[in-house]
Each structure stands twice: as C-alpha cells, then as structure tokens.
Amino acid sequence: MKISSEWKDYEIIDAGNGEKLERWKDIILRRPDPQSIWNVEDYSKWKNVDGHYFRSNKGGGEWKFYKTLPEYWTVSYKDLTFKVSPTNFKHTGLFPEQAVNWDFMMEKIKNANRPIKVLNLFAYTGAATVACAKAGAEVVQVDSSKGMTEWAKENRDLSGLSDAKIRYIVDDCVKFVQREERRGNKYDAIIMDPPSYGRGPNKEVWKFEKNIYFLIEECSKILSDDPLFFTINSYTTGISHVALANILKTTLLKKYPYGKIESGDVMLPITRDNLYLPCGIYGRWTSD
C-alpha cells in the first residue's frame, strides 16, 4: 500500500456515500467516488462547497458552481506545479494519489548517476513527465488526446521546465511502441497509466484486459540493456494489483531477473477519522 500523504495544496476533507469532499488549494470541490461506500456521519463540512459534480441517471453528469471560479488555477506538490480545472467528465486534470509514484520516479532517476531516458505512455496531462524531467531525465510522452497533450505542455512550463528535454507525441500508444522497436530506440524507464477503455487518434480500440499483456511484452522490446524501472498504474475495476505483478513476473522479470517486482494499492488520506481512500493500483519492476 502506497499513501500520498505529503500534499499541502490538496486534501480529502471527507468522503462517503459515494462522494468525496476535496480542497484544491483554497477551492472546495465535491465529486463522485465509487470507492467511498461507507456512510458520512456529519455533513456539516459539506455545506460550503465551491463546486459540486452531479451524476446523471443517463450517464455522465454536470458541474454546479456556487461561486465564480477561475477558468483554471494551480496547485503545487513540492517543487512541481500543475494546472487544475474542472472538466465535463468530473476530473480536474490531476490525480493527486500519483504523487507517491512521482516521488519514486524522481528518487530513482536522481540516484541513477547516469543519463536516463523515460517513455510515458497514456500520459494524460503529463504530471509524471514533469516529475521525471524535473529529476533530470529526458522524456518522451505519448497520448492520443491533442487537448491533454497541450495541457501537459502547460504543466511543463508551470514547473519551470520549458527548456527540458521533453517530446510530446499525439499517437496510439501501442503503434508508437511498435514503431520505436522498428527504429531501434531504447528507454531506461517506461511509465504507463492505461485506461479501462479508450480509442486512439485513428479510432484504435483499447481494452485493458485484452491489450495490457501484449503492450507490456512489446514495451519489453524497447527497454535498454540496463533499465531503471517499469511502472503500471490502473484504475480498471475488478483488476487486482496481483494481476499486474503476475504480468510483470512473466514478462520483465524473466528478461531482467536481477530486478524486483512490487504491487499494491494507492491511497489518499482522509482528514476525517484518519481514514484512507483507495485510488487505484500499481505494479512495478525496479532494478536493485
């Protein structure tokens, strides 16, 4: 179990009954969360929210704002800065629980004492890209969404990395990896945060359960001779972190037996009653 507990600009104030109450710097948002299935005992802290996302019975939903919010604002995690903005799909452009993975990546890169080249697949708004670049790595980021890629570039600039060695590519991740193999390009670290279901820029269909093993096998072909780490994050319902560990054991550990496999749940602390909110799973191969 990994817990992101070092935030100053983010906090889960309370959670329960399928929702969570969050502080993003000085803005309070109320959003659905399928993991918070316990009861809320006291709703007094939930009254003065700035924005509330309501789910629709027909699917999707919409925000209701109780004061005029800026189009976006920023939050900082240590020396990283990110743009935050409520989207039509209840998200804000950032997953704070991933801070434990940013810390892990930055430490591994800084302690490597050699140039590190990182590939970030399904990169979304590029928080992991920023973290790795801040630690000194060269990063190639791939995502199928042009809009999210532009957002990622804003996060790069907000963190003072305008001149960092980062390439942003809008492409289907599987096809990109296969082309990199044909080109003979190698990476010292690979990060991926694949969705449960998605479509590439040319309508390529991605299904986690069907495609994840194949993608990891393909990625193993573009790792360098001395890789640093390989990290998978997942929010796919019904998939255990043990399944991720098993995939890594039957692919990467066979090729790089000197490394080690870790997997587990990613959590965020809830201020009320010292509870923890489950926020997905991770699996990783790391060099010793």
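The values are calculated or read from the model by the stated rules, or taken from the named source; none is laboratory data. Worth saying up front: this structure is predicted, and the values here are computed from it rather than measured. Virtual Cβ from ideal backbone geometry, glycine too; neighbours counted across all protein chains shown.
Scanning region 78-125 for residues being of a type in the set (S, T, Y) and under 15 Å from R156 (Cβ atoms) gives a total of 3. Identification of helices (runs of 4 or more DSSP H) wholly contained in region 181-258 with 1 or more residues that are in contact with an Asp or Glu (Cβ under 8 Å, 6 or more places away or on another chain) yields 208-220, 241-250. Restricting S224, S240, S220 to those that are of a type in the set (G, A, S), without any contact (Cβ under 8 Å) to a residue 60 or more places away in the chain and surrounded by fewer than 17 Cβ atoms within 10 Å (Cβ to Cβ) reduces the list to S240. Quick test of your reading of the structure: P257 fulfils all but one of (1) out of contact with any strand residue (DSSP E or B) (no Cβ under 9 Å at 6 or more places or on another chain); (2) in contact (Cβ under 8 Å) with a residue 12 or more places away in the chain. Name the failing condition by number. Of everything listed in (1) out of contact with any strand residue (DSSP E or B) (no Cβ under 9 Å at 6 or more places or on another chain); (2) in contact (Cβ under 8 Å) with a residue 12 or more places away in the chain, P257 misses just condition (2). Is it the case that K58 is surrounded by fewer than 20 Cβ atoms within 10 Å (Cβ to Cβ) and either in contact with a Ser or Thr (Cβ under 8 Å, 6 or more places away or on another chain) or touching a residue at least 12 places away in the same chain (Cβ under 8 Å) (or both)? Answer is no for this residue. Residues that are more than 30 Å from Y282 (Cα to Cα), outside the structural domain of R272 (by TED's automatic domain parsing), at pLDDT 95 or above and not in a strand (DSSP E or B) do not occur anywhere in region 77-97.
The rows are residues; the columns are (1) at pLDDT below 95; (2) among the hydrophobic types (A, V, I, L, M, F, W, C); (3) in a loop (DSSP other than H, G, I, E, B).
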| site | (1), (2), (3) |
| --- | --- |
| S5 | yes, no, yes |
| K8 | no, no, yes |
| E11 | no, no, no |
| A15 | no, yes, no |
| K20 | no, no, no |
| E41 | yes, no, yes |
| H52 | no, no, no |
| K58 | yes, no, yes |
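Among the residues making up region 75-127, those that are among the charged types (D, E, K, R) and buried (at least 20 other Cβ atoms within 10 Å of the Cβ) are E97, K108.
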